[in-house]
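So the structure is just underneath, and the comments pick up after that.
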Amino acid sequence: MAWIILLIAGVLEVVWAIGLKYTHGFSRLVPSVITIAAMVISMLLLAHAMKTLPAGTAYAVWTGIGAVGAAILGIVLLGEPANLPRILSLCLIVIGILGLKFSS
């Protein structure tokens, strides 16, 4: 169950990371509220997952999900470059996340 909670926390990290772009420096109300809510819920879920999972593993997986998700959405939604080195680097992060999951 802790891994599912951690996955949801990671997805919410993606929401707030991308949401920051849409807040325009927290000057837009709706994106700002969504972003702040995602931040708070993501942190609470991370803290809950850390009750069971090792802190280093949980934090690394959480940030990895956030980094990969934000980069993919940056490519899809924001027109960021999708070159081969970038894609390969994201694949390495995913491999690291999987390695941490299966070695725990």
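The values are calculated or read from the model by the stated rules, or taken from the named source; none is laboratory data. None of these values were measured; they are calculated from a predicted model. Reconstructed Cβ throughout: ideal geometry from the backbone, glycine too, with neighbour counts over all protein chains shown. Just so you know, the surface numbers come from the protein's heavy atoms only, side chains and all, with ligands and any DNA or RNA stripped out. Shrake-Rupley method; radii C 1.70, N 1.55, O 1.52, S 1.80 Å.
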- Task: Quickly run through the range 30-57 and pick out the residues that are under 24 Å from Leu98 (Cβ atoms), open to solvent by less than 40 Å² (accessible area, probe 1.4 Å) and out of contact with any Leu (no Cβ under 6 Å at 6 or more places or on another chain).
- Result: Leu46, Leu53
- Item | Neighbours by Cβ (under 8 Å, 6+ apart or cross-chain): first from the range 23-37, among the polar types (S, T, N, Q); second assigned to a helix (DSSP H, G or I) and open to solvent by 80 Å² or more (accessible area, probe 1.4 Å) | Thr35/Tyr22
- Residue that is surrounded by the most Cβ atoms within 10 Å (Cβ to Cβ), among those in the range 18-29 that are under 18 Å from Leu73 (Cβ atoms) and of a type in the set (Ser, Thr, Tyr): Thr23
- Query: Looking at this structure, is Ile75 in contact with a Gly (Cβ under 8 Å, 6 or more places away or on another chain), modelled with pLDDT of 95 or more and not charged (D, E, K, R)?
  - Reply: no
- Item | Subset tally (residues that are hydrophobic (A, V, I, L, M, F, W, C) and either open to solvent by less than 20 Å² (accessible area, probe 1.4 Å) or within 15 Å of Ile8 (Cβ to Cβ) (or both)) for the range 58-79 | 6
